[in-house]
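Q: First, the structure itself, so that you have it in front of you.
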Amino acid sequence: MSQDITELPTTPSTPAGTDNPGPDTMAADGGTPADKRGQIAWAVFEWARNPYVLLITIYVFSPYFSTTVVGDPVQGQAIWGYINGIAGAAIAILAPFLGAIADLGGTRKPWIAAFTAIMVPAMVLLWFALPDNGGIGVMGVALSIIVITIAYEFSAVFHNSMLPSIAPHSRIGFLSGLGLALGNLGGLLILIFMLVFFTLPGNVPWSFIPDVPILGIDQSLFQDSRIAGPVAGMWLAAFSLPLFLFTPDAARNTIGAWEAMRRGVARVVQTVTRLRHYRNVATYLGARMLYNDGKTAVLIFGGVYAAGVFGWGALDMLVYGIVLSVFAVLGGLFGGWLDDAFGSKVAIITSIGGTTVGLLLAVSITPTELFFQPYESAGPVWSLPFFQTVPEITYLAVVIIIAIFITAAYANSRTMLARIAPAKMMTEFFGLYALSGTATAFVAPILVGISTDLFDSQRAGFASILLLLVAGLVVMFFVHETRAERAEGDA
């Protein structure tokens, strides 16, 4: 299992009688670090990968798929749930084996290159997803998304595992943060680019917007939504190159991939077994599995739900994505303030509680209802070509609050484990933390899919995520914010 990049082993000491190279000339794993160019190239890979999530998974392609390719928003949401559930189950099964190879198998770049080579053509293929099950159809999209999602997660396993070997311990936090910042910035810039050059032209009389979409994009054929796949693919292909060109790889390990998997999985089993002696940490990881699945599902289905319920198209979804991406940055700052002011447990309970209340409010809003109360529209509230009614604007405001709380919860969750895990087993428990993020990743999407089908309702399907959020919140009340220095029961 790959190490979590937020908590890594300290630099090994230098034997007596030898020259101490100092912490900035030795990588965190004890080897020789990459130069500054190699380190920056590692971070740029996040810039290359992360736009896929915003363009395909959340804001542009998934709403188009559910409402237009499937042709029925309710069935579209259910199918999108099953697609992500199948991908999540495959990731949960295979992640420990791939993580073991990343930890013990030596070279990582060939694996990253292979997963990138899988993702790029699969993303480009989404261009051929045509309305009403045309082109590659629903099944073609399903297979493509499953393949991309699995490859995307596994590329992250090997990419993250490179960090201790390329950066000094003093720069690990900076590079980790730089990668996340670049990933979010890249996604935001692509959303703005697509809005300005593909979707706004012809819809607004603004002088700084082109009169017609570039590249001959035909909005009437939904090409401004379909182009999301090729854009994400070409972006990944172009900006992954610095990693392969400038970031050094670890030496090839002589034990081989199969032996690395055997040893790594045995280590995972051993660590999981030890959890029975650290019940407080185990309780926390269980709570996180529940609420983390819920948070991820809110992100995956928020756009699909809005597109189906409010009839939002590419223009609305791009503006929606840009607004939420900006406010998500504030969520990180808000989470840090909560943690410093009240502690990690209170911060997590506040963040998950806020997400839960926000989701309940979100499903209470439709074009004809406002907080479950009937609402009769008085017409557009402004001349802008998006979010023209009070329910739409209210929904956007509620989801902004959800975005802030979700981002805060991601930040608080890492800090909580750092506060309660045994100091001498920090890396081992952060490995379990990473595993807990994928072990049940299929539960929430499958839950949404089944609930949507069972009740024939997008609202019911989206609201089913409340079960996971509330369950995780309840379990968090049984977690104590105290560090476990020794196994429970030891003298």
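Read-outs: derived from the displayed coordinates by stated rules, not from any lab. All of these numbers come straight from a predicted model, not from anything done at the bench. Note that we place each Cβ from the backbone using ideal geometry, even for glycine, and neighbour counts take in every protein chain shown.
Q: Determine the dipole magnitude for segment 27-476: charges of +1 sit on the beta-carbon of Lys and Arg, -1 on that of Asp and Glu, nothing else is charged, the reference point is the Cα centre, and the result goes in debye to the nearest 20. Spell out each step's value before the answer.
A: Values: 21 positive and 22 negative charges, 379 e Å.
So the dipole magnitude of segment 27-476 works out to roughly 1820 debye.
Q: Quickly work out the Asp35-to-Ala238 label distance, labels modelled 7 Å from Cα along the C-beta direction, and quote it in nm with one decimal.
A: Reported label-point gap for Ala238 and Asp35 is 2.6 nm.
Q: Regarding segment 353-395, what are the three Cα extents along the principal axes, ordered largest first, in Å?
A: 36, 21, 9
Q: Kindly rank 279-290, 383-394, 358-369 from highest to lowest mean number of other beta carbons found within 10 Å of each residue. Display every interim value, and only then the final one.
A: Details: 279-290: 21.4, 383-394: 16.6, 358-369: 18.7.
Result, highest mean Cβ count within 10 Å first: 279-290, 358-369, 383-394.
Q: Send over the Kirkwood Rh of segment 27-476, from the inverse of the averaged 1/r over different Cα pairs, rounded to one decimal Å.
A: 22.7
Q: Using a Förster distance of 25 Å, how high is the FRET efficiency between Ser383 and Phe128, based on the Cβ-Cβ distance and rounded to 0.05?
A: Working: r = 36 Å, r/R0 = 1.44.
It comes to 0.10.
Q: Now for a separate question. Take Val329 and Met139, extend 7 Å from each Cα along the Cα→Cβ direction, and tell me the distance between the two endpoints in nm.
A: The two pseudo-label positions are separated by 4.5 nm.
Q: Hey, rough spin-label estimate for Thr368 and Asp456, points 7 angstrom out along Cα→Cβ, what's it come to in nanometres?
A: Simple spin-label model gives 1.6 nm for this pair.
Q: A follow-up question, please. Given the Cα-Cα distance of Ala117 and Leu360 and 0.36 nm per residue of separation, how much length would full extension add, in nm? Each step should come with its number before you reach the end.
A: Working: separation 243, 0.36 × 243 = 87.48 nm, distance 4.05 nm.
Gain in length upon complete extension: 83.4 nm.
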